[in-house]
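Comments concern the structure below.
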Amino acid sequence: MLGGSLIPQAPEGFKSGFVGIIGRTNVGKSTLMNQLVGQKVAITSPVAQTTRNRLQGILTTPEAQLIFVDTPGIHKPHHQLGKVLVQNARIAIESVDVVLFVVDGSVPLGGGDRYVADLLTRTQTSVILGINKSDLQQSKGEALDETYHQLVAAHNWHVIKFSALTGDGIPILQQQLIEKLEPGPYYYPPDLVTDQPERFIMGELIREQILLLTREEVPHSVAITIDLVEEEPKITRILATIHVERDSQKGILIGKKGSMLKAIGSAARQQIQKLIAGKVYLELFVKVQPKWRQSRLNLVEFGYQMER
């Protein structure tokens, strides 16, 4: 469950603060958030630009509370939705206590990483460079790391190497982040793992299965609205609508004799059952909403708003 008890008084010497997980698309930021928090709060996918909302994951230890802000991957935007996502990521850099700049250690430093690094040079916020995917480096590890160490030397940043997938190096990363924080209160109840409502997480779990099962065919033209949640003693009934931009995308999502929609619903239902720790009945509908990513009205309706 997502938790939600009362907020206690923090003991003497307790630390707390906000950690912005920043980086280009598809470097493993959401996988890292889930690994740090200890359970799934952010969706992951091989498709770039999976994260859309500024999702906050919460880790509470006996000595500290870390609130992780998982931001959309920083990229060159091609539509109104893209502009909102990148602007929100930039704002996150200035509104956190520590920036964790995540890079993909299985490939050399690239132009996208340099672009993010350039943005970070303009902030007064403390920065840690996290070299992710250490499990994929194999024999080329030292040569790949060197390209990132040159970047670190130029900016005097701390650097930590880890694998968000396997958990290797995560305890050291967690400790380094705690050391960067100032003494502070509990911002959230200790058993809470995210500040997002369950309905939002439900919608994200459905969207994750669409990304995984349709891959490049319907990548980012999808938004989910949860239309109804009815909690009964033995089952929770959920009705949700999948919004797409074109009739062809609707056809792909429904599939032959409804096979794709059934597969998406079945996989999403299993994930939602883990979220709420109970049985779920999930019914999905598909609706065509032309050019919704260009519409400010639709963006607000579907929950994508520009941060202030």
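Nothing in this text is a laboratory measurement; each read-out follows from the coordinates by a stated rule. What you see is a predicted model, and the numbers here were worked out from it, not measured in a lab. Ideal geometry is used to build each Cβ from the backbone, glycine not excepted, and the neighbour counts take in all protein chains shown.
So here's what we get for this one:
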read-out: Other-chain or far-sequence residues with amide H under 5 Å of Gln65's (modelled H); value: Lys15, Ser16, Gly17
read-out: Burial order of peptide ranges 260-273, 150-163, 196-209 (average beta-carbon count within 10 Å, highest first); value: 196-209, 260-273, 150-163
read-out: Cut-off under 5 Å, modelled amide H: who pairs with Gly255 long-range; value: Met260, Leu261
read-out: Amide H within-cut-off set for Gly105, under 5 Å, with H built and near neighbours excluded; value: Asn132, Lys133
read-out: Lysines with Cα under 18 Å of Lys291, excluding same-chain neighbours fewer than 8 positions away; value: Lys83, Lys250
read-out: Given Lys29/Lys287; Lys257/Lys287; Lys15/Lys40, the pairs whose alpha carbons are separated by over 27 Å; value: Lys29/Lys287
read-out: Ordering of 14-26, 240-252, 277-289 by burial proxy (mean other Cβ atoms within 10 Å per residue, highest first); value: 14-26, 240-252, 277-289
